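Single-structure report; data block below.
What follows is calculated from the coordinates using simple rules that are stated; it is not laboratory data. Remember, predicted model here, so these are calculated numbers, not experimental data. Neighbour counts are summed over all protein chains in view; Cβ atoms, including those assigned to glycine, are modelled from backbone coordinates with ideal geometry.
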Amino acid sequence: MTIRTAEEMSTAAEPTRGPAYWYGGPVAGARLAGRLGLALLEPADDWLVRLPQEFTGREVRVGTIADARAVERPTFVKPPRDKSFPAAVYGDGSRLPADLDPSTPALLSEVVTFAAEYRLFLLDGQIVAGSRYAVFGRLDPLPLDRTGVIAAEIAEFVDRLVASSGVALPSAVVVDVGQLLDPYRPGHKWAVVEPNMAWFSHAYAADPARVLDVVLQAAGPRDRARPQDLPFVRH
């Protein structure tokens, strides 16, 4: 398997010999996918929106920057997948960057507080690697297998999510989950933060070898893609 940087692949006189795999940004990935014969798997833009609220713990809707600009209360606004603008809580729609195309897709979410957030690398609906990555919004990586009972709670939550949501994901994907701090009730509730492309996700403190297993399936040769994954191939 040959590994090259995006710059090397874009300027090389000959295509990469042997199967190619991608780990990097979506803009370069989309530019090179056809040339390299890649199938880059990604969750649907509205996957989070279509989840039952028992798994999101908050109201989330999909819209555009134009919709976000019309919002008059604090709202968490983020791109569905790409990092095309900063994901943040905006006091109202006027606080969004002025140069954004009004048609740019956006997720608009009720503002909540996550006590801790965890990144999970999934293959066929099973967690194969994971890491805590933030505590109250501050970077604080810790391998999932060192979180004790938390790892068991996360596994149980993901099992319920996969079995009950009825909303499909690619066979290889990243799902971020968190402990949702509820000011009106003691304790924490597990909720999905967001899904991500495995080939564009930081591993934090997760086992890199297991992360690689997920990335290779999420961003490998198109002719090896599973039929059920074809609807999730980035175009």
* State the dimensionless ratio Rg/Rh of region 192-235 (Rg: radius of gyration of Cα atoms; Rh: Kirkwood radius). => 0.99
* Which length gain, in nm to one decimal place, applies between residue 101 and residue 150 when the Cα-Cα distance is subtracted from 0.36 nm times their residue separation? -> 13.6 nm
* Ascending count of other beta-carbon atoms within 10 Å, so fewest first, for 173, 71, 135 -> 135, 71, 173
* With the contact rule set at Cα under 8 Å and sequence spacing of 6 or more, what percent relative contact order holds for region 136-219? -> 31
* **Simple label model, 7 Å out from Cα along Cβ direction - residue 126 to residue 209, nm** => 1.7
* Diffusion constant of the chain at 4 °C, which comes from Stokes-Einstein with the Kirkwood Cα-pair radius and 1.567 mPa s, µm²/s -> 69
* To do: Can you bin region 59-109 into rounded, prolate or oblate? Criterion: square roots of the alpha carbon gyration tensor eigenvalues sorted a ≥ b ≥ c, rounded for a/c under 1.5, prolate for a/b above b/c, oblate for the rest.
  => rounded
* Asked: Quick one: length gained pulling residue 28 to residue 58 fully straight, 0.36 nm per residue minus the C-alpha distance?
  -> 7.5 nm
* Residue-averaged 222 nm ellipticity for the chain, from DSSP H runs of 4+ at -39500 (n - 2.57), nearest 500 -> -6500 deg cm²/dmol
* Which of the peptides 156-166, 29-39 is most tightly packed, and how do the rest follow, going by the mean number of other Cβ atoms within 10 Å of each residue? -> 29-39, 156-166
* At what distance in nm do the modelled label points of residue 35 and residue 89 sit from each other, each positioned 7 Å from its Cα along Cα→Cβ? -> 4.4
* Once a ≥ b ≥ c are taken as the square roots of the eigenvalues of the Cα gyration tensor of region 26-135, is the result rounded (a/c under 1.5), prolate (a/b larger than b/c) or oblate (a/b not larger than b/c)? -> oblate
* Ordered by packing density, taken as the mean number of other Cβ atoms within 10 Å over each peptide's residues, highest first, how do 199-207, 114-122 rank? -> 114-122, 199-207
